[in-house]
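The values are calculated or read from the model by the stated rules, or taken from the named source; none is laboratory data. Because the structure is predicted, anything quoted here is derived from the model rather than measured. When we count neighbours, we look across all protein chains shown, and the Cβ atoms used for this are built from the backbone with ideal geometry, even at glycine.
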Ligand code: ACM
């Protein structure tokens, strides 16, 4: 199984599950949702019995299969849902296909299981390349099958804004598309495809995504990345920018100097956006507000912003950036949501104590955030940036650099042994990032995510990959095949997955990590990066 349960014993005895089987007990709906292909019927007694056990944690479960059928004890609906996911992995891989009327043998087994980390995340950048709603719903199902439970959607960047706004409609009318897209490798001269790209989620789409995710025990974490990465917003509403100058939705990659203003109208604009997002998504315990790669030059050059900073009694523009993010985090707290930020915002200082930090520039800055009492979700470029290629091979499709292998992900430890117990206790989870500058379509999303996300899932669930991960992954490919996942084959890309002829980028992830890690040591170095 992937992720490997805490305890898994084979038992003698077995049973058969036939579609239309009966499920009885306290948490029937969670089991039925997890196993839609089995078309399970609720009833008073039957092949599957599921009971709540208050002694277990919300996500914990026990699963026993054998000649008496299937028995599940779970701490709550999430535990019952994960028990059913584990049960699914005991069935043949073909059970992941639509197969009405099928019967599946269930071997005897005893499983006792609970997750090591509460935050088991995948991030998807839908700003650089849009992923339509149907792909998000499918991804939620794939995450659920791997017991991943946080979907971080990066909804805005210089290259696009991806949600409807009824209060600020130019965001979806103007900011959601660009006339063309850069096609060049990292640090090579820009070339373009001259093909328009765009798309956005309506608020109704977002509502559907929220409900669908919750029913699968996935929490959507929307990200409105501010105050930098602002070209797309400023293409629609330049008045919210530091200069008031017009901008275009960017058609190329890299860091732009476009920055929102910190003045009250921009704060009011963003809080209105938060209200629309939270109103649509429904219960939203976390909102990511970015804070990465901010070029503060336009703030420093603006007399109005400088006067505002002085009126607040703030000494530096870094202090002003810290104040601005804190103001937004306070607004989120009033709305019942915790702020999440990239690590630059921690380095700038002044965060609310309940703000969650994502140390993308390395675990060194992550440890400092943990030592300062922040909850931390481990997100370092190496080995959790899945926009890097899986091999330094000319066959790999275009990536930002290379290489991050499935073994690199499997070897990752989110809460390192050499941290203090207090620091380790601050690590609430782990998350892989898929930036999509060079991920033009959903087929490439599959290729980049899988199987690395299988290794992520095991690290997130168990804290470490268990013995035999490689063999279990080999077996797991059968499930991914049945699910129609276009994962990267272990021997490298299929012919149709290979890159267009071009020379390799030559950027090594180890060099990038050394450079960005060194940038986390002083507050001035929010200036970028990969
Ligand atoms: C980031 O990679 N700028 C979070």
Test residue 427 against the stated conditions and say whether it is modelled with pLDDT of 95 or more, under 26 Å from residue 113 (Cα atoms), more than 16 Å from the ligand (Cβ to nearest atom) and in contact with a strand residue (DSSP E or B) (Cβ under 9 Å, 6 or more places away or on another chain). yes
Residue pairs qualifying under the 7 Å Cβ cut-off, at least six apart or on distinct chains, with the first in region 510-530 being closer than 19 Å to residue 349 by Cβ and the second being more than 12 Å from the ligand (Cβ to nearest atom) and at pLDDT below 90, are 519/525
Could you tell me which of the residues 396, 344 is over 18 Å from the mean Cα position of the chain (by Cα), in a helix (DSSP H, G or I), crowded, with 20+ Cβ neighbours inside 10 Å and touching a residue at least 40 places away in the same chain (Cβ under 8 Å)? 344
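So if I check each of 293, 283, which one is within 16 Å of the ligand (Cβ to nearest atom) and outside any helix (DSSP H, G or I)?
After applying the criteria, what remains is 293.
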Inspect region 473-483 for any residue being more than 24 Å from residue 413 (Cβ to Cβ), at pLDDT below 90 and in contact with a helix residue (DSSP H, G or I) (Cβ under 9 Å, 6 or more places away or on another chain) and give the result as yes or no. no
Does residue 158 satisfy the criteria of being more than 15 Å from residue 5 (Cβ to Cβ) and surrounded by 23 or more Cβ atoms within 10 Å (Cβ to Cβ)? yes
Among the residues in region 449-467, are any assigned to a helix (DSSP H, G or I), at pLDDT 95 or above and farther than 30 Å from residue 365 by Cβ? no
Residue satisfying condition, being in contact (Cβ under 8 Å) with a residue 40 or more places away in the chain and surrounded by 23 or more Cβ atoms within 10 Å (Cβ to Cβ), within set 78, 30, 6, 73: 30
Residue satisfying all of: in region 256-280; within 16 Å of the ligand (Cβ to nearest atom) and over 16 Å from residue 324 (Cβ atoms); farthest from the chain's Cα centre (by Cα) among these: 257
Going residue by residue through region 234-248, is there one that turns out to be surrounded by 24 or more Cβ atoms within 10 Å (Cβ to Cβ), under 26 Å from the mean Cα position of the chain (by Cα) and in contact (Cβ under 8 Å) with a residue 60 or more places away in the chain? no
Report yes if some residue within region 418-437 is closer than 15 Å to residue 451 by Cβ and surrounded by fewer than 20 Cβ atoms within 10 Å (Cβ to Cβ); otherwise report no. no
Just give me the residues in region 352-373 being away from the ligand (no atom under 16 Å from the Cβ) and either farther than 25 Å from residue 434 by Cα or surrounded by fewer than 22 Cβ atoms within 10 Å (Cβ to Cβ) (or both), in sequence order. 352, 353, 354, 367, 368, 371, 372, 373
State yes or no: is residue 401 over 14 Å from the mean Cα position of the chain (by Cα) and crowded, with 22+ Cβ neighbours inside 10 Å? yes
Considering every residue within region 323-341, establish whether at least one is under 26 Å from residue 125 (Cβ atoms), within 17 Å of the chain's Cα centre (by Cα), touching a residue at least 60 places away in the same chain (Cβ under 8 Å) and buried (at least 23 other Cβ atoms within 10 Å of the Cβ). yes
Strands (runs of 3 or more DSSP E) contained in region 59-164 and holding at least 3 residues over 30 Å from residue 238 (Cβ atoms) and touching a helix residue (DSSP H, G or I) at 6+ places or on another chain (Cβ under 9 Å): 61-66, 69-74, 103-113, 119-125
For region 511-529, how many residues meet the condition of being over 18 Å from residue 357 (Cβ atoms), modelled with pLDDT under 55 and within 16 Å of the ligand (Cβ to nearest atom)? 1
Criterion first (part of a loop (DSSP other than H, G, I, E, B), more than 25 Å from residue 132 (Cα to Cα), in contact (Cβ under 8 Å) with a residue 40 or more places away in the chain and more than 16 Å from the ligand (Cβ to nearest atom)) does residue 440 satisfy it? no
